[in-house]
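The values are calculated or read from the model by the stated rules, or taken from the named source; none is laboratory data. Here the structure is a predicted model, which is why all the values come from computation and not from measurement. Using ideal geometry, Cβ is built from the backbone for each residue, glycine included, and neighbour counts are taken over all protein chains shown. Ligands, DNA and RNA are stripped out before the accessible areas are found, and what is left, the full protein with its side chains, is counted by its heavy atoms. Shrake-Rupley method; radii C 1.70, N 1.55, O 1.52, S 1.80 Å.
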Amino acid sequence: MRVLGVDPGTVATGWGVIDQTGQRLNYVAGGVIRSRGVLPQRLAHVYEEACRVLVEFGPGCVSLEKTFVGENVQSAFRLGEARGVILVASARAGVPVAEYSPAEIKAAVVGNGRAAKEQMQLMVARLLALTGALAGDEADALGAAICHLHTQSFTVRVGEADRRRPAGAFSGGGRVRVRR
């Protein structure tokens, strides 16, 4: 499966493409879309570049970081606008989108939902066997892709285990009798 991870922003949008073959993750490409000018021009540039990446690399899914509302509400609005551009580009390309919170992404990659940016960069590079420094935005985008691939793998394994369970085995949803 090929996944495009995106860390949206109106000034810097990180992106990264990963292929998964079996349990192996392979880095395909990545980068940062840098935008200048007034907001409509920046959003148009992010849209055009996102469309180019979607066409060039043909992912089966886009993994997008959800909006996080911290102390700065205006930043959250800008992030939402950038996310909207990615959602539209993905929809126009016919590519489904999975969304994960920053904490979910960090937990899937580092094992700690409050990991520092440097920890993300280090673990992404290690998981993908990359040498050299990764830009923070690109590492976050690759982290989003890794999160989706790990989540999908886990979901598939749980489904397979559920199908192998003998009929009548405890399903977790049945009644439990308590003896007194």
Worksheet item: Of all residues in the stretch 18-35, which are surrounded by fewer than 24 Cβ atoms within 10 Å (Cβ to Cβ) and in contact (Cβ under 8 Å) with a residue 24 or more places away in the chain?
Response: Q20, Q23, L25, N26, Y27, V28, A29, G31, V32, S35
Worksheet item: Are any of the residues in the stretch 80-89 over 15 Å from V46 (Cα atoms), at pLDDT 95 or above and surrounded by fewer than 20 Cβ atoms within 10 Å (Cβ to Cβ)?
Response: no
Worksheet item: Filter the stretch 62-79 for residues that are small (G, A, S) and within 17 Å of T13 (Cβ to Cβ); which is most open to solvent (accessible area, probe 1.4 Å)?
Response: S75
Fill in: From P96, P59, residue being open to solvent by less than 30 Å² (accessible area, probe 1.4 Å) and under 24 Å from L149 (Cα atoms)
P59
Worksheet item: Filter the stretch 44-56 for residues that are under 13 Å from V88 (Cβ atoms) and among the aliphatic types (A, V, I, L, M); which is most open to solvent (accessible area, probe 1.4 Å)?
Response: A44
Worksheet item: Assuming V11 fulfils every condition listed in (1) open to solvent by 40 Å² or more (accessible area, probe 1.4 Å); (2) over 26 Å from A103 (Cβ atoms); (3) in contact (Cβ under 8 Å) with a residue 24 or more places away in the chain apart from one, which condition is it?
Response: (2)
Discussion item. Against the condition surrounded by 14 or more Cβ atoms within 10 Å (Cβ to Cβ) and at pLDDT 95 or above, how does V110 come out, does it pass?
Written reply: no
Practice prompt. Please identify the pairs in which a residue from the stretch 37-66 that is at positive phi has its Cβ atom under 8 Å from the Cβ atom of a residue that is outside any strand (DSSP E or B) and surrounded by fewer than 21 Cβ atoms within 10 Å (Cβ to Cβ), counting only partners at least 6 apart or on another chain.
Written response: G37/H45
